[in-house]
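The values are calculated or read from the model by the stated rules, or taken from the named source; none is laboratory data. Keep in mind it's a predicted model, so treat the numbers as computed, not measured. As a convention, Cβ positions derive from the backbone with ideal geometry for all residues, glycine included, and neighbour counts pool all protein chains shown. Just the protein is used for accessible areas: all its heavy atoms, side chains included, with ligands, DNA and RNA removed. Shrake-Rupley method; radii C 1.70, N 1.55, O 1.52, S 1.80 Å.
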Amino acid sequence: MSGLSAPKGTFDVLPPESARFLAVRDTLTAPLRRAGYGYVETPVFEETAVFSRGVGESTDVVTKEMYTFADRGGRSLTLRPELTAGLMRAFIEHRLHTGPLPVKLWTVGSAFRYERPQAGRYRHFTQVDMEALGVDDPALDAEVVALGVQGFRDLGLTDFELLLTSLGDATCRPQYRELLVAYLEKLDLDEETRRRAEINPLRVLDDKRPEVQAQLGDAPLMVDHLSDSTRAHYDAVRQHLTDLGVAWTEAPRLVRGLDYYTKTTFEFVHNGLGAQSAIGGGGRYDGLSAALGGPDVSGIGYAVGVDRTLLAVAAEGLDVAASPGVQAFVVPLGTEAKRLAVRLVGQLREAGVAADTVYGDRGLKGAMKAADRSGATHAVVVGDRDLADGVGQLKDLRTGDQRAVPVGDLFEALRTAVGN
Ligand code: HAM
């Protein structure tokens, strides 16, 4: 019989590494909580239309990477390839636009894309996602971008960059698109690239092949063709970012993998990650709500890849979480001592002390090894003979010092020893 393993492109997060995963996840979300964003959960699967209409029919994400299936009732459902469209669906369904705006939301959870797996690119991954919905104000764009930067800074990351551009909006993108199409038509491109140019010409700018890049040197850029209003919007965003002490790199050729972006668009890239360097990305989207049947409101947000951020943390050699482990450990030797150990650990946990004991028949040596591995600074070792004398041994696991303590005082002695 062959053994079962996690599906291709997925992985398990196990202790002690998982402590780092939690620390990264929580550090990335702390700035959002401090800035008035409210936690939200939406299902990991949605009606397929949420993504085909929301993310865009021309994107790789929708055409090639979605986990789409019919459920037993014949509905077409899709495991979310990203979290924004589902949050917007919830915003519309619960008519949140009728309340105070902006509606500021954050969430964290699984996303699924059928991509070719490689370092930093998985089929199941975790995103921290935030969205500020219902208001189009450049100051809000700056807040969103700055909160993303803050999360990375709080982790101690320094070797990352903010790439920033404006993708225009309905007042200027159509004209620019025509210019770009006319330019691309004159180039020597293969059939598939031509087809791509017809569906979304912007995506050709992002083509990494040298023979394509070589022809794009003087391609028209959106930032040079912004309407007065989107130019003013972009200028204001940059002014606020400067005021907030956030540095950026202008990235006029930045092309995101999702179609809903308008105006401010950005990506966070880390220099220590190789090909999959984007640790986060986002931007404003004017048409997403309407595409999902909602009111004509704008929104802005970003998602950060928790798994990739973990890789970035490792690449910079940062120690984000000395695994907290337990503080106190109880080693019972004998049946009576076992009862005492179970009771003591229960009491300690109730008092807020992280405590553990051994289960199964481990013997003194095995039990002491478990105590050392647990990370506890102090242990109580108690055998039935100690119990007959009415004591247990309180041991400092760092120094090996040991003293007898009356059974009735063990709880207080342990609690005091670990500093709780
Ligand atoms: P995205 O750029 O597609 O944007 O994904 C955001 C981040 O998720 C990426 O920068 C990357 O760190 C991580 N990520 C994406 N795909 C994978 C993968 N296959 N394996 C590991 N990590 C991955 C969005 O998803 C938008 N919804 C962001 C947004 C929110 N825009 C506005 N609001």
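Leu162 meets all of the listed conditions (1) among the hydrophobic types (A, V, I, L, M, F, W, C); (2) farther than 30 Å from Ser227 by Cβ; (3) not in a loop (DSSP other than H, G, I, E, B) but one, namely (2).
Residues of the stretch 288-298 include at least one that is of a type outside the set (S, T, N, Q) and free of Cβ contacts under 8 Å to residues at least 12 places away in the same chain. Considering the conditions (1) in a helix (DSSP H, G or I); (2) closer than 28 Å to Leu77 by Cα; (3) of a type in the set (A, V, I, L, M), Leu184 is excluded by exactly one of them, (2).
State yes or no: is Thr63 part of a helix (DSSP H, G or I), hydroxyl-bearing (Ser, Thr, Tyr) and without any contact (Cβ under 8 Å) to a residue 24 or more places away in the chain?
Details: part of a helix (DSSP H, G or I): yes; hydroxyl-bearing (Ser, Thr, Tyr): yes; without any contact (Cβ under 8 Å) to a residue 24 or more places away in the chain: yes.
Against the criterion (part of a helix (DSSP H, G or I), hydroxyl-bearing (Ser, Thr, Tyr) and without any contact (Cβ under 8 Å) to a residue 24 or more places away in the chain), Thr63 qualifies.
Taken residue by residue, the stretch 292-299 has at least one member that is touching a helix residue (DSSP H, G or I) at 6+ places or on another chain (Cβ under 6 Å) and of a type in the set (Asp, Glu). Within the stretch 65-81, does at least one residue satisfy the condition of being within 14 Å of the ligand (Cβ to nearest atom), in contact with a Lys or Arg (Cβ under 6 Å, 6 or more places away or on another chain) and either open to solvent by 10 Å² or more (accessible area, probe 1.4 Å) or modelled with pLDDT of 95 or more (or both)? There is at least one residue in the stretch 65-81 that is within 14 Å of the ligand (Cβ to nearest atom), in contact with a Lys or Arg (Cβ under 6 Å, 6 or more places away or on another chain) and either open to solvent by 10 Å² or more (accessible area, probe 1.4 Å) or modelled with pLDDT of 95 or more (or both).
Scanning the stretch 217-239 for residues that are assigned to a loop (DSSP other than H, G, I, E, B) and hydroxyl-bearing (Ser, Thr, Tyr) yields one hit, Ser227.
Let's see how each residue does on (1) under 17 Å from the mean Cα position of the chain (by Cα); (2) aromatic (Phe, Trp, Tyr); (3) open to solvent by 10 Å² or more (accessible area, probe 1.4 Å):
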{"position": "Gly148", "(1), (2), (3)": "yes, no, no"}
{"position": "Ala170", "(1), (2), (3)": "no, no, yes"}
{"position": "Glu178", "(1), (2), (3)": "no, no, yes"}
{"position": "Thr193", "(1), (2), (3)": "no, no, no"}
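When restricted to residues that are within 16 Å of the ligand (Cβ to nearest atom) and in a loop (DSSP other than H, G, I, E, B), the stretch 1-40 contains 11.
Of all residue pairs spaced 6 or more apart or on separate chains, those with beta-carbon atoms under 7 Å, a first member in the stretch 82-109 that is in the same structural domain as Glu143 (by the TED database) and a second member that is of a type in the set (Phe, Trp, Tyr) and away from the ligand (no atom under 13 Å from the Cβ) are Trp106/Tyr39; Thr107/Tyr39.
Look at the stretch 240-260: where a residue is of a type in the set (Asp, Glu) and a partner is more than 11 Å from the ligand (Cβ to nearest atom), sitting 6+ places away or on another chain with Cβ atoms under 6 Å, you get Asp259/Gly56.
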